[in-house]
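Everything below concerns the one structure shown next.
The values are calculated or read from the model by the stated rules, or taken from the named source; none is laboratory data. Remember, it's a predicted structure, so these values are computed and weren't measured experimentally. Positions of Cβ are backbone-derived with ideal geometry, glycine not excepted, and every protein chain shown enters the neighbour counts. Surface accessibility is based on the protein's heavy atoms, side chains included, excluding ligands, DNA and RNA. Shrake-Rupley method; radii C 1.70, N 1.55, O 1.52, S 1.80 Å.
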Amino acid sequence: MTSYKNQLLPMEKVFRDPVHNYIHVQHQVILDLINSREVQRLRRIKQLGTSSYTFHGAEHSRFSHSLGVYEITRRICDIFKRNYPIEKLGKDGWDDSHRIVALCAALLHDIGHGPYSHTFEHIFHTDHEALTVAIITSPETEVFQILNNVEEGFPEKVASVITKTYSNPQVVQMISSQIDADRMDYLLRDAYYTGTEYGTFDLTRILRVIRPYEGGIAFSMNGMHAVEDYIVSRYQMYVQVYFHSVSRGMEVILEHLLDRAHELSQNTPEIFAYHSQLLLPFLNQSFTLEDYLKLDDGVLNTYFAQWSDEKDVILSDLAQRFLNRKPLKSVAIDTPDNPLLSKMRELVEKVGFNARYYTAINSSYDLPYDFYRPELDHHRTQIEIMQSDGTLVELSQASHLVAALAGQGQGDARFYYPKEMTQISPNNANLFDDDYTEFASYIRNGKLLNMKKR
């Protein structure tokens, strides 16, 4: 009798997908995981959070992304089994007994994400990776029950891929590295749904040149240009989509809204006891895994609609701004200690806004590619290019294009403030016109003036 671990479906099941055309499910355990409560919850969490307020098509979910990561991983396993089996290459080959671990980890890698994930994490001190491991290894979850049916200790094996401690580095790098199934899917998927063509790259070619070796995963030298294309696409997506100033303006509104709710809950918890029960454990900082699994974007949005009618002016106003897409405006800054910033905060206070909740400094930076730097405590897994004789060379050593991008941060720092501060109407006199005029005088061409240049 075939074990549950290797049990195939009577007929392959497919999911229609706009990025990969079809997602192929062949194993019973994968279909059972997809149908689990914890994975289905991901349908109700947007992949790009507040980016849909800037790119209106970006309504896709973490569920569709998780299926996409699974599908890319499945294809890689097929390629490795066909072209680079351990039986032919020895220690540099692929042992297909690791396939189910890889497929399960790929499908479940984002299962710990919460609503508006990164903003929620910052306010309530949650950790989506730790929660992913908890969901996989906690006996009370459906995911654990399914994985535990594979074999004893199997949930822990899958979780070790997430924590990067799994015994096979090929599996770990397949799911988490600088060019992995996760990144390849979210770049293509996010580019598709945001309508940004420059985020696309040649996935088919990359999968043709990917190959295992004893220490992980490498790419054949003849496919280096496809890898370069991927690096440039990642660069463009971070600059144009992930770091978009308007999306970040909405993130600041959301962060301040949750921060205000958290502050109010300490002194007047009755505000939230009636209609925000699912959020109470987080406001009280005493949540359980079950509490976490009940939250999704829809739950928070419902609470925001209720908060928009609350008596607290700041809470209600921030809720309305978030629901009705009224982001804070921003100006690029060179340094957070520019003396003009304190003056601008004073002017924001003077016209009636609470500077704590209506101003912010927000910095977003990421590296399009990083090479191994032993002096750093935490370094990324570098991309290895395999030469024709089997020797490896690190990507930035082989590519002049990537060398120009390697180790160079991208992104910017911005000061956020109420849009009203720079909306001066020449036809309607206002008590604060002089303050608005002074505030606007500190900004030129979208940048905060440098005091030395004024």
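Quick one: in the stretch 128-147, of everything that is touching a Pro at 6+ places or on another chain (Cβ under 7 Å) and under 12 Å from LEU33 (Cβ atoms), which residue is surrounded by the fewest Cβ atoms within 10 Å (Cβ to Cβ)?
Applying the filter and picking the extreme gives PHE144.
Give just the number: which of (1) modelled with pLDDT of 95 or more; (2) open to solvent by less than 60 Å² (accessible area, probe 1.4 Å); (3) under 16 Å from LEU107 (Cβ atoms); (4) part of a helix (DSSP H, G or I) does ARG43 not satisfy?
Exception for ARG43: condition (2).
May I ask you to list the residues in the stretch 85-113 that are open to solvent by 20 Å² or more (accessible area, probe 1.4 Å) and closer than 12 Å to PRO212 by Cβ?
Residues satisfying the conditions are PRO85, ILE86, LYS88, LEU89, GLY90, LYS91, ASP92, ASP95, ASP96, HIS98.
In the stretch 185-204, is there at least one residue being part of a helix (DSSP H, G or I), closer than 30 Å to LYS88 by Cα, of a type in the set (Val, Ile, Thr) and free of Cβ contacts under 8 Å to residues at least 12 places away in the same chain?
Yes, the conditions are met somewhere in the stretch 185-204.
In this structure, does ILE135 turn out to be at pLDDT 95 or above, closer than 30 Å to LEU283 by Cβ and in a helix (DSSP H, G or I)?
Answer is yes for this residue.
Residues in the stretch 278-293 that are crowded, with 18+ Cβ neighbours inside 10 Å and either assigned to a loop (DSSP other than H, G, I, E, B) or in contact with a strand residue (DSSP E or B) (Cβ under 9 Å, 6 or more places away or on another chain) (or both): how many?
Qualifying residue count, the stretch 278-293: 1.
For ARG16, all conditions in the list (1) in a strand (DSSP E or B); (2) closer than 23 Å to GLU197 by Cβ; (3) open to solvent by less than 50 Å² (accessible area, probe 1.4 Å) hold save one; what is the number of the exception?
(3)
Taking the stretch 294-341, which residues are part of a loop (DSSP other than H, G, I, E, B), open to solvent by 60 Å² or more (accessible area, probe 1.4 Å) and free of Cβ contacts under 8 Å to residues at least 60 places away in the same chain?
LYS294, ASP309, LYS311, ASN324, ASP337
Given the structure, is HIS125 surrounded by fewer than 20 Cβ atoms within 10 Å (Cβ to Cβ), of a type outside the set (A, V, I, L, M) and either touching a residue at least 24 places away in the same chain (Cβ under 8 Å) or more than 20 Å from LEU31 (Cβ to Cβ) (or both)?
yes
Of all residues in the stretch 228-252 being at pLDDT 95 or above and of a type in the set (A, V, I, L, M, F, W, C), which is nearest to ASP412 (Cα to Cα)?
VAL246
Which is aromatic (Phe, Trp, Tyr) and within 30 Å of ARG248 (Cα to Cα), of PHE63, PHE144?
PHE63
Take GLN178 and tell me if it is in contact (Cβ under 8 Å) with a residue 60 or more places away in the chain, part of a loop (DSSP other than H, G, I, E, B) and within 27 Å of VAL227 (Cβ to Cβ).
yes
Of the residues GLU59, GLU38, GLU71, which is of a type in the set (D, E, K, R) and open to solvent by 20 Å² or more (accessible area, probe 1.4 Å)?
On inspection, the qualifying residue turns out to be GLU59.
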